[in-house]
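For reference, the structure is listed below as structure tokens.
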Amino acid sequence: MKLRDLVELAEPRTKAASLIPFAFGAAYAPWLYGTFEPALLALFLACLLPVDLATTALNNTLDWRRHARATGLPFETGRDIGFRAALSVTVALFALGSACGIFLALETGAVTFLVGAAAVAVAVAYSAGPLPLSRTPLGEAVSGTVMGAGIPFVAIHIQLAGAAGAGDGAPVGPAAMNPAAWPLVGLSLEGAVLTLTADLSGLAGTFLAALPFVLLIANVMLANNLRDMERDRESGRVTLPLAIGRDRALRLFAALQALAFAAIAAGVALRVIPLLSLASFLALPVAWRSVRRFLRAPPGSVPFGLSVANLFVTGGALALAVIFSAAFRLP
């Protein structure tokens, strides 16, 4: 398989949907809790990228195979990738990400392992199985939640757990003064007693802080499904745009973008994200122009790239705000 084929299969250009929430979560723990664990973050990134690439590769592999079966054409038509080669690359990427995940779990505890295993299971279920999530109206909600909230959660959790000695105590430094500065979720086994602890306030704050990414990533998936409506209808998919109709889906696209800015404002008001996050509103004119162009696009020519651009400008601005606030200890 040539490099060009691998790029087409795994689409690394789309990984901003993972990297921006990762950067946000990496900076959020030092901003709020005073805890920064670069080695653990590097290990998490080594898990995240292969699994994300594998998820895209698996989705493309199975989609291409279904299309080949539906049309009666060979799998390789229009591509220099065979099914076995594509599947081998996918399995290798999943194996690499999972191996790194096991090492990360050994350093940060059972919660990391369970969350990681659940994430891999969702990644496979998104494309494979008798009813893949990507072929249902749940694709946007699942991908938005797992990537937009799940990635920041893990980035925050591993830093708290690492600083606390794999979840056995409170982080040191400024976080030690914060009563919420314990691992967001803890799991311990003493004899025959399994104890689960959760900082509900911290979890709620983390979800609200990450909510803009949930909405923006859901919009990227919604834009992708809007673009592919005709092909999805022919292949028997029932994606969200097909379930609610194109007009409602377009209105939902605009609403999700607006709600992302509302979530940023709410996060600042409730002090779960830095005050500097309001600088994200500088991206509002750019985002609004993109939404208007998106809404005016004729059927069959939806400018999918605009949703990715909105994730870059809005989500990227929020992530940068948290990074600067953490670096310069801004409120």
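All of the numbers you see were taken from the coordinates with simple rules; none came from a lab. What you are looking at is a predicted structure, and each value in this text was computed from that prediction instead of being measured. Every residue, glycine among them, receives a Cβ derived from its backbone with ideal geometry; neighbour counts consider all protein chains shown.
Tabulated values for the structure
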{"quantity": "Prolate/oblate/rounded label for the range 3-327 (Cα gyration tensor, a/c 1.5)", "calculated": "oblate"}
{"quantity": "Options Pro137, Gly316, Ala223, ranked by Cα towards positive dipole end of the chain, top entry (Cβ charges)", "calculated": "Ala223"}
{"quantity": "Per-residue Cβ neighbour rank within 10 angstrom, fewest leading, Cys47, Cys100", "calculated": "Cys100, Cys47"}
{"quantity": "Selection from Leu189, Leu256, Ala105, by position along the positive dipole direction of the chain (Cβ)", "calculated": "Leu256"}
{"quantity": "Exposure proxy order (Cβ contacts within 10 Å, fewest to most) of Trp64, Trp288, Trp31", "calculated": "Trp288, Trp64, Trp31"}
{"quantity": "Total charge dipole magnitude, the chain, about the Cα centre, Cβ charges on Lys, Arg, Asp, Glu only, Debye to nearest 20", "calculated": "1180 debye"}
{"quantity": "Cut-off under 5 Å, modelled amide H: who pairs with Ala198 long-range", "calculated": "Gly186"}
{"quantity": "Charge sum, other residues only, whose C-beta stays under 14 Å from Ile156's C-beta, Lys/Arg counted +1 and Asp/Glu -1", "calculated": "-2"}
{"quantity": "Helical mean residue ellipticity (222 nm; -39500 (n - 2.57) per DSSP H run of 4+; nearest 500) of the chain", "calculated": "-22000 deg cm²/dmol"}
{"quantity": "Table column - 3J(HN,Hα) (Hz), the range 52-57, Karplus curve with 6.51, -1.76, 1.60, x for Gly and Pro", "calculated": "5, 4, 5, 4, 5, 4"}
{"quantity": "The chain: angle of helix 110-127 to the longest principal axis, Cα-based, in degrees nearest 10", "calculated": "10 degrees"}
{"quantity": "Rounded tilt (10° steps) of 16-33 against the dominant C-alpha axis of the chain", "calculated": "10 degrees"}
{"quantity": "The range 318-331 - phi-based ³J(HN,Hα) in whole Hz, Karplus 6.51/-1.76/1.60, Gly and Pro as x", "calculated": "5, 4, 5, 4, 5, 4, 5, 5, 5, 5, 10, 6, 8, x"}
